[in-house]
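Following: one structure in structure tokens, then a few remarks.
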Amino acid sequence: MATTTAAVTLTSDLLSDAMSVSASTTCMKAGTTADGLDQMEYGVVEIATGTAYDIICSTPTASKASKLYIKNHSTDETYYISVVLDAQAVGRLYGGDWMFIPADFHDANADIEITSTGGTNIVEYALFHEGTILTAS
Amino acid sequence: MATTTATITLASTDLLSDELALTTTATLTGAGNSTGLTGTTGLGRKKLASGHAQYTLFDGNDYTANKAHKLYLKNTSTTAAEYFEIEVNSEQIGRIYAGDWAFIPWMANASTNDIKIDPSADDMVLEYMLFTDD
């Protein structure tokens, strides 16, 4: 079994008391404690302004415990990528921002779409999953 | 100006032939500027009582639209099969199983753009925090 851990630390001085929140999880297959996610896609792409693209071109198995990491490497604070799931706007990643979300690809329309705004954004992504439907050649 | 940072580390020694050790830190700033995010709900916990119906965690109408809000969620359950389904409006994003966490950009672009959670079992506890760009 592959063991992949995902850890986060959030720090802030927004409150009167300095805040530091940490969490760590081992990325497991759906509903198990014995079998870790053992497949991944990892890449970097340049996304020109305008068109929406599916960041994951394959079709991961639906309703599992897949995890998706995306980072916008732009250094221009006005550049961002919009993250949309089946026509539902989720959020924006501005230059330097990252996200880590569960992605259950629950049906054929549940693609993760990204659109670049402001200019060409360099986007790093990693999908940890437990199976995908490959496109027949 | 307040400074809020978010650091992620993804690590594995046996998923690939080469060790995976990815770490990055983002300083959370407002939409299109370098000013630190100005608001937070603070860290909170909710226990979802019996009946485990869908629950609106944050209402899109309550936050400025098309901004750089960030949301942290964690499923504190230790029962492997228990998960929270996370939804925006009525669109399923995915499931966080026991111990899993998520860090999600949220643009609150419409009054219907609510963050909803749907626990798979009774009495599950969700930990959450929203950083807002007002």
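The values are calculated or read from the model by the stated rules, or taken from the named source; none is laboratory data. Note that the coordinates shown come from a computational prediction; the quantities given were computed from them, not determined experimentally. With ideal geometry, Cβ positions are generated from the backbone for all residues, glycine too; neighbour counts draw on all protein chains shown.
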Check your understanding: For the stretch B:95-108, what are the residues that are over 16 Å from A:G31 (Cβ atoms) and either more than 9 Å from chain A (Cβ to nearest Cβ) or outside any strand (DSSP E or B) (or both)?
Key -> B:M107, B:A108
Check your understanding: Failed condition for B:N113, given (1) assigned to a loop (DSSP other than H, G, I, E, B); (2) modelled with pLDDT of 95 or more, with all others met?
Key -> (2)
Check your understanding: Can you tell which of B:S17, B:S111, B:S34, B:S50 is surrounded by fewer than 19 Cβ atoms within 10 Å (Cβ to Cβ), more than 10 Å from chain A (Cβ to nearest Cβ) and free of Cβ contacts under 8 Å to residues at least 12 places away in the same chain?
Key -> B:S17
Point to revise | Where a residue in the stretch A:44-71 is within 14 Å of chain B (Cβ to nearest Cβ) and its partner, wherever it lies, is β-branched (V, I, T) and surrounded by fewer than 19 Cβ atoms within 10 Å (Cβ to Cβ), with Cβ under 8 Å and at least six apart | key: A:V44/A:I122; A:I55/A:V45; A:P60/A:T132; A:P60/A:I133; A:T61/A:T132; A:T61/A:I133; A:K71/B:T24
Check your understanding: Residues of the stretch A:35-84 being within 28 Å of A:A136 (Cα to Cα), crowded, with 22+ Cβ neighbours inside 10 Å and of a type in the set (S, T, N, Q), which ones?
Key -> A:S66
Exercise for review: Please work out if A:L127 is assigned to a strand (DSSP E or B) and touching an Asp or Glu at 6+ places or on another chain (Cβ under 7 Å).
Suggested key: yes
Study note, to complete from the structure: Residue count, the stretch A:59-110, condition in contact with a His (Cβ under 9 Å, 6 or more places away or on another chain), among the small types (G, A, S) and farther than 20 Å from B:T4 by Cβ, comes to 5
Practice item. Output the number of residues of the stretch A:91-112 satisfying the condition of being in a strand (DSSP E or B) and at pLDDT below 95. Key: 1
Practice item. Would you point out the residue of the stretch A:5-37, among those that are within 7 Å of chain B (Cβ to nearest Cβ) and in contact (Cβ under 8 Å) with a residue 60 or more places away in the chain, that is farthest from B:L22 (Cα to Cα)? Key: A:A30
Point to revise | Any hit, the stretch B:59-78, residues being without any contact (Cβ under 8 Å) to a residue 60 or more places away in the chain, over 17 Å from B:W106 (Cβ atoms) and surrounded by fewer than 21 Cβ atoms within 10 Å (Cβ to Cβ) | key: yes
